[in-house]
Protein chains: 4
Amino acid sequence: MIRVAVLGAGRIGKIHAANVKNCPGAKLVVVADPFGTNAKDLADKLGCEHTTDASQALARADVDAVVIGTPTDTHVTFLLEAVKLGKAVLCEKPIDLDMEKSLWAANEVKRLNGKVMLAFNRRFDPTSQAMRKAIDAGEVGAVRQVIISSRDPGMPPRDYVAHSGGIFRDMVIHDLDMARWLLGEEPTEVFAMASNLVDPTIEEFNDHDTVMLQLRTASGKQCHINCCREAVFGYDQRMEVFGSTGMLLQDNLRPSTIRRWTKDATDAREPLLNFFLERYQEAYANELQAFIRALQLNAPLPTTVDDGVQALRLAEAALRSVASGRFEKV
Amino acid sequence: MIRVAVLGAGRIGKIHAANVKNCPGAKLVVVADPFGTNAKDLADKLGCEHTTDASQALARADVDAVVIGTPTDTHVTFLLEAVKLGKAVLCEKPIDLDMEKSLWAANEVKRLNGKVMLAFNRRFDPTSQAMRKAIDAGEVGAVRQVIISSRDPGMPPRDYVAHSGGIFRDMVIHDLDMARWLLGEEPTEVFAMASNLVDPTIEEFNDHDTVMLQLRTASGKQCHINCCREAVFGYDQRMEVFGSTGMLLQDNLRPSTIRRWTKDATDAREPLLNFFLERYQEAYANELQAFIRALQLNAPLPTTVDDGVQALRLAEAALRSVASGRFEKV
Amino acid sequence: MIRVAVLGAGRIGKIHAANVKNCPGAKLVVVADPFGTNAKDLADKLGCEHTTDASQALARADVDAVVIGTPTDTHVTFLLEAVKLGKAVLCEKPIDLDMEKSLWAANEVKRLNGKVMLAFNRRFDPTSQAMRKAIDAGEVGAVRQVIISSRDPGMPPRDYVAHSGGIFRDMVIHDLDMARWLLGEEPTEVFAMASNLVDPTIEEFNDHDTVMLQLRTASGKQCHINCCREAVFGYDQRMEVFGSTGMLLQDNLRPSTIRRWTKDATDAREPLLNFFLERYQEAYANELQAFIRALQLNAPLPTTVDDGVQALRLAEAALRSVASGRFEKV
Amino acid sequence: MIRVAVLGAGRIGKIHAANVKNCPGAKLVVVADPFGTNAKDLADKLGCEHTTDASQALARADVDAVVIGTPTDTHVTFLLEAVKLGKAVLCEKPIDLDMEKSLWAANEVKRLNGKVMLAFNRRFDPTSQAMRKAIDAGEVGAVRQVIISSRDPGMPPRDYVAHSGGIFRDMVIHDLDMARWLLGEEPTEVFAMASNLVDPTIEEFNDHDTVMLQLRTASGKQCHINCCREAVFGYDQRMEVFGSTGMLLQDNLRPSTIRRWTKDATDAREPLLNFFLERYQEAYANELQAFIRALQLNAPLPTTVDDGVQALRLAEAALRSVASGRFEKV
């Protein structure tokens, strides 16, 4: 039985805590959150202990593994505290918004032989898993082009935008990880263009709401990513892997399979599941299970701090490309 | 070159004449219609001769084959005239609304060794052809159930209903032919139920607008047909063949492949092509080509008067079943 | 907090117990199963008590509600025991395979003012719920035809067939309930035909594996149901509601949304979710929640013993129809 | 009646000639091709005159309009000959592979007040038309992103590649025209990347087989195009227009609507229509009709030489971008 502490009782912490609770082979020991009521409410609901002191929670002798779902600027601190105590860690991405700090933390993890998994949840989505397995099984032959569409249902609050690190580090970073994972080869160059078509006032933060990227690997494989902070029909998450002998598509999810036929339209489906918590519900549960299973088997963790660093590197290159108008080396 | 006379310059005659004009190996010689202007207009458009006298047209020495697209009650007359003169015939269905007269005509055709093809256009639809070929290739294994949905876009004019012979002989007959063709085995029993849910006033003609049928073959294969005289989203034509190793579905056609996404619906497609002339445009052309090709090769015609008789027999059994509430033998 | 005992720790009992465990407002107190290990294993996993004595479990003072997931021939016994003790009941269908016993039990429940909900899980499927809501909202206008396709992934074991009560009482009964629910009007007549196309040896039990039904309501609304005990592509569950102003379709579920494109096929989706436990996972959870919510609000239960009786009545009429070849009154 | 000469009796000339023949208001007078047999065969089939001398054909007094379907390097010559004689022209694209010559020709056409329509056939595809109309009707609000996927079924012959002008001028140019047309605003900057993933030996011609582009307009609208010379599943032509209030998708066409279900896959559709002649059959006919209709009404032609020049300009900018690794101004 892997005994787990969950740090953070906010939106994502709640997801993780419930998944730990339902995960075979895992035991939820404690949840920590500086807002004591949040921690208590979640603990009461799931039947575990609670505290306002994350450092204390992760240090407990009866805790083997730590799930970090706290604000981004605390990730590195808790990550390294846990690693130094020999605890396994599942850490929300990004490691940090700052590249240097991220690199330093990644090196520390390696120096200390830390067991750290970065929470790239989308890789654990059933359809993404099916795509990866199909590629591995040779179904599409040699991958040539990957196309990723990724649009949020609506602009985040202005305050969130101000502290998000910008659309590339905050939002596109997920798609950059998927690009790496699906291409099966490291992108070496990035081109990006960025517009403000939803809310021009966020230019004030030097941020954008509508972007397109192109990536290329050393062998010439290509990837396109398009993102927008707002899509009226819901959280738009589609992917396409085109190869020498076939193609794989990933469609969106909807609340049900109902299709409506009227005099104006036929076969109309519902708007998409609203946002990532709904869309990737199953992915979050699978991610947690993969983490626990790897610990049980003492197997390599499916994602690492290096994955976190590399995705951030691609985001940084995209930002440089927006400024330079050039294809930027990673 | 097969030289062709087209009898009838109405809705269906126009289709046939244009298809003859465009068919490799065929030559449109003359169109005949008692309404002289109709015949002339069509002839002028397609560059052929015209006449008001159908009997004269079919008797011409420079005519090898006759396409009969005249009103139903004239089919038998022109059919037998043509056969007696040794002309090949493509005749619109039904042979006649009366069972006895149909049987007599079919026997005459056989006695005279006539070359007569009944125009069951749906069999020549590309998707229906693909289904039949897939069944023949063993793709679904042994056929178990066939499901046919067939709904018209709107009630025909009251006067049409009055002289149509009723929904079973006029509309369902097409689906009964598809049932025979897809089952690959003759239905031996029919059950039918009929309601008036669109226009109750047609009960006056002892007719119905909404019906469901079930058919069974000697070996126990099953078929369901559902029909309605009105569907607000257009001409609904779907089929399903379910077998021991697979299933085949036939979807509807739409004017384009556009799909619309809004805040209320995603992936919405257009309403269906309006009615049979649009939906089966390609089927009519293929049917004509199949007729001409069979004549050129002196090969058996793909459909026969017996097919016409058998479909009518099933329609009659359905009518009896509505009255008796019993599974009626064909 | 509604305190719940779950009777039966088999396939369906496990589902119910886990759903109680996860249901807000419910508390899983005890699971009972004559196979003590089954009960113990399930109780240990979910953290509740266990017993081999169902009667004792349902009688506990700290139990408010009972979920009955035991073999069919014990339903009536436990149902009435619970009702007499004033416990609310969620009972798996059917009430009993015998019509008279079912009627008697239903009357007893009513005489005793029992709170009993019959577990027609499909009504609680998200897509079925969306269809019912759309009908209620007038989206399709007046319902004209309902089409239900329902095929199991494979023949049940021979021994199961022998004691199942036959395909109509065991399998079609679910579709008959959906028919009633979607038509919104009681079917008054049933026609059924039945074949043995999968495994002819079950004729020995006077049972069939492939059936088709047609139902009609007093106002002339029509319903078709087709069922088969085997479909190679998985558990086939589709529905169609056709009305005066529109149509609603329900599609199947698959493990993921992946679509494959190769030189032989495009847009190919995965085989269907295997069987009812996978397909209706969400429906079972929703059903349990609806039960608990109704108890909390002291609201009418969404399904009743009368629904169970009525579905059985339709199944009996179908059986009579197979024998008589007639449209049978319900 | 608009009297038409068709220059070129090759693959595309045959299409145009047949469409003229079937176009209401048009009369096919003569087809010209230096290969006399080609011209004669086509003329015999369609019932018109023929010649090996294109200049003579276009100069005939009984010719009002000229359709140019000859090899690219002859376009400018015949175009200007026809314009100088006051004939209307429908000219296959591109005007010329050389930018300067194209510009000069375009200026000549304008100086001479020529009526010249460039044959951007895809704009006349029913789905593309439906998309343009939906955009014009405000269905998607303000356009934000356009995504175009465009893949050929297989590498063209080596000799074709050698003289094609390269993938950007030969293939991507169609997509660049669609981009301009759907964005509704001129792209001002282009970024392109190019790989050789299908046939590396064409690098010898300084050509590529797999490319991705990004375009931006002055107001920040974005467009992505991906192309490949080979797709095993057929001619892949998809488009997406994403806007502030909705999205429009264009799907591929297949020979039929059949969908196959087996134990390995469900809902599988057929491979795509093979190539542009099949895929855009209806578009070619609509294009010809639009040309004739505009002449009849003396209305502006729907596409102009400027459209041809502008698409070529974008292709040239893409080529420069591949070399520079920069976002290139158009």
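Each value in this text was obtained by applying a stated rule to the coordinates, not by laboratory testing. Keep in mind that this is a model prediction, so the values were computed, not measured. Note that each Cβ is placed from the backbone with ideal geometry, even for glycine, and that neighbours are counted across all protein chains shown.
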homo-copy label distances at A:Leu277 (7 angstrom along Cα-Cβ), nm, one dp, ascending, are 3.1, 5.7, 5.8
For chain C, averaging the sequence separation of alpha carbon pairs under 8 Å that lie six or more residues apart and dividing by its residue count, the contact order in percent is 19
With Rg from the Cα atoms and Rh as the Kirkwood inverse mean 1/r over Cα pairs, segment B:2-119 has an Rg/Rh of 0.95
For chain C, longest principal axis from Cα atoms; helix C:99-111 axis from its Cα atoms; angle between them, nearest 10 degrees, is 50
Expected sort for B:Met155, D:Met193 with the fewest Cβ neighbours (10 Å cutoff) up front is B:Met155, D:Met193
As a percent rounded to 5, the proportion of antiparallel DSSP bridges among beta bridges in the protein assembly as shown is 55
For the axis mapping B onto A, the chain B residue whose beta carbon sits nearest, plus its rounded distance in angstrom, comes out as B:Ala268, 2
The simple spin-label model distance between A:Lys263 and D:Glu282, using points 7 Å out along Cα→Cβ, in nm, is 2.3
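Evaluate peptide D:241-248: per residue, the Cβ atoms of other protein chains within 10 Å of its Cβ; return the mean as an integer.
So the per-residue partner count for this stretch is 6.
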So, for the Cα atoms of chain A, Rg and Dmax in Å stand at 20.2, 66
Going residue by residue through segment D:289-297, the Karplus relation 6.51 cos²θ - 1.76 cosθ + 1.60 with θ = phi - 60° gives ³J(HN,Hα) values, rounded to whole Hz and with x marking Gly or Pro, of 5, 5, 4, 5, 4, 4, 5, 4, 8
Within chain C, the percent of DSSP beta bridges that are antiparallel, given to the nearest 5, stands at 55
Set C:Lys263/D:Lys45; A:Lys263/D:Lys221; A:Lys14/A:Lys329; B:Lys115/D:Lys27; C:Lys93/C:Lys133, cut-off 29 Å on Cα-Cα distance; pairs above it are C:Lys263/D:Lys45; A:Lys263/D:Lys221; A:Lys14/A:Lys329; B:Lys115/D:Lys27
With one decimal in nm and the nearest listed first, the spacings from A:Asn196 to its own position in the other copies, using label points 7 Å along Cα-to-Cβ, are 4.4, 6.8, 7.7
For segment C:254-330, listing GluC sites (Glu not before Pro) in a DSSP loop whose Cβ sees at most 13 other Cβ atoms within 10 Å gives none
Helix-only [θ] at 222 nm, chain D, -39500 (n - 2.57) per DSSP H run of 4+, per residue, nearest 500, equals -11000 deg cm²/dmol
Restricting to Cα pairs under 8 Å and 6 or more apart, the percent relative contact order of segment A:2-119 works out to 23
Cβ-Cβ cut-off under 15 Å around D:Asp98, Lys and Arg +1, Asp and Glu -1: the net charge is -2
Distance in nm between D:Ser324 and D:Ala299 label points, each 7 Å along Cα→Cβ, equals 4.0
If labels are modelled 7 Å from Cα along the Cβ direction, A:Leu103 lies from its partners in the other copies at nm distances, smallest first, of 4.6, 8.4, 9.4
A correct fewest-to-most ranking of B:Phe275, B:Phe191 by other Cβ atoms within 10 Å would be B:Phe275, B:Phe191
The relative contact order of segment A:202-330, taking Cα pairs under 8 Å that sit 6 or more residues apart, comes to a percentage of 13
Rounded to the nearest 10 degrees, the helix D:75-84 long axis (Cα) sits at an angle to the longest Cα principal axis of chain D of 50
Whole-Å distance linking the alpha carbon centroid of segment D:184-222 with that of segment C:271-326 is 57
Straight-line reach check, B:Lys101, cutoff 12 Å on alpha carbons, 8 or more apart in-chain or any other chain, hits among aspartates and glutamates -> B:Asp73
Under 5 Å from the placed amide H of C:Ala142, counting only residues 5+ away or on other chains, we find C:Ser244, C:Thr245
Relative to chain C, whose Cα atoms define the longest principal axis, helix C:126-136 and its Cα axis are tilted in degrees, nearest 10, by 70
Expressed to one decimal in nm², the mean projection of the alpha carbon convex hull of the protein assembly as shown is 52.8
